[in-house]
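The structure appears below as structure tokens.
Each reported figure results from applying straightforward, stated rules to the coordinates on display, with no laboratory input. Bear in mind the structure is a predicted one, so any value in this text is a computation, not a measurement. A quick note on method: Cβ atoms are made from the backbone with ideal geometry, for glycine too, and the neighbour counts reach across all protein chains shown.
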Amino acid sequence: MKRSLLIIAATLSLLLLLGTCVLWLHSYRTCDLIGRYRDGLSHPQIFSEHGKIIVLRQSDRANRYYPATWTFQSSLPGDYYPFSTNGLQGFQLGGFGFWFDAGAGVRSRFLILPHWAFTLVFAAMFATCVPLFAANKARRRRLHGQCASCGYDCRSSPDRCPECGRIRDTSDSPSGRSSGRIAGAFATIIVGLTTFLYWWSNPVRGAPAGRGANPEAGIMFYPTWGGGGDRGDRMIVGHDEWGNVWYQANWHSPEGDFLVIVQEGHAHMFYDFWSVVVLDRSMNVVRRGSVGLSTDTTPYRLVEVRTDDPAAPAVIRGKWRLSVGWKPPEHLGESDDAGDSLQRAQVESLNPVEWPDDPESLNRNFVRAAPDLRIRPAGKGAE
């Protein structure tokens, strides 16, 4: 049994050594990729190019909807995935690299392992198996009363082999014991190193436990309660360990206090449509909407707008509507009075939130058509 295992180990290590050498040379001509994908993320991807192996693992907090699929592709080195460390955090030493990144709710980890390292590992494995095989062969001969060197039957002369003259030794040879210790230490190092690399490359390693909003409700990041300034209506930037970025502010409405999250979505013509999510103090989602902001602008302040003019659209007449201001304070006006009238130029710097459950709100232009529009910070509270 032991002899069979040694033969299998020696054969396997030799095949891996030869295969690694071929892949090493091949990597300078072709980039080979094998990957497992799930919902567009790599779990993992393995590249072989330019004398190195790159392992990419990704994860997010979204629920999985589609089964994982495997793929294999070949291309010129650098064509399919031109790996760059720009913007990544980590280090590279002696051809080994450890890099990580987080952005848009996805955590990524990269391992760079040079081919020469695998070549040395498999060569050492094969070199360790050879003396072990020889020591095991000598041990089997001694157990059968044969000479450990030439295999002559020494049962009639137990002290010395009459064929080769070798003095019989009934104990295991020092080389065999040393090789066994080396093989054991080597196997321990390989298992430990593999375990460490698998642990380190886990994208969710280091991410805090879930808190705040529930990902199952469609919030893939974890905001905490709070807005900017004393009123809480100023939009402040929030971010988490997954690279998510959003804007948030407190909203004091007649129904209670809420946290409003504004996150960039998709662009359309001259507007960028941002998603709006309203959370209660328990971080439960109570309402969803969207707001269109001018391209290349960001939310600045959470406000409410209103007019009592009979000619105004019904959606805004006689009630405060949540809106997002996207220009600096000098364009919004600094007064907190609920009766502040705005100049037409100031009105252009905000847009109301559109709620899918409120058909009347699905018209972001009603503010521009409203006479005698008034504005107040959403953090001030209703009348």
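Things worth noting here:
- Rounded to 0.05, the FRET efficiency of the Asn86 and Thr297 pair, given R0 = 41 Å and the Cβ-Cβ distance, is 0.95.
- Long-range HN-HN contacts of Cys31 with modeled amide H, under 5 Å: Ser75, Leu76
- Inter-label distance for His50 and Leu197, nm, one decimal - labels placed 7 Å from Cα along Cα-to-Cβ: 1.9
- Radius 13 Å from Cβ of Arg288, net charge of other residues (Lys, Arg +1; Asp, Glu -1): -2
- In a fully extended conformation the segment linking Cys21 and Ala104 would gain 26.0 nm over its present Cα-Cα distance, using 0.36 nm per residue.
- ³J(HN,Hα) computed for each position of the range 109-121 - Karplus, 6.51 cos²θ - 1.76 cosθ + 1.60, integer Hz, glycine/proline x: 10, 10, 10, 10, 10, x, 4, 5, 5, 5, 4, 5, 5
- Formal net charge of residues neighbouring Ala104 (Cβ-Cβ distance under 11 Å; K, R +1; D, E -1): -2
- Neighbourhood net charge (9 Å Cβ-Cβ; Lys/Arg +1, Asp/Glu -1) for Pro203: +3
- Remark: the Arg166-Ser149 segment gains 5.4 nm on full extension, using 0.36 nm per residue and subtracting the alpha carbon distance.
- Rough spin-label spacing in nm, given labels placed 7 Å along Cα→Cβ, for Thr11 and Asn284: 6.4
- Amide H contacts under 5 Å for Asp39: Tyr66, restricted to partners 5 or more places along the chain or on a different chain, H placed in the peptide plane at 1.01 Å from N.
- Rounded to the nearest 0.05, the FRET efficiency derived from the C-beta distance between Asp39 and Ala185 at R0 = 51 Å is 0.75.
- Counting 0.36 nm for each residue step from Ala68 to Asp159 and taking away their Cα separation leaves a gain of 26.2 nm.
- Other-chain or far-sequence residues with amide H under 5 Å of Gly227's (modelled H): Asn250
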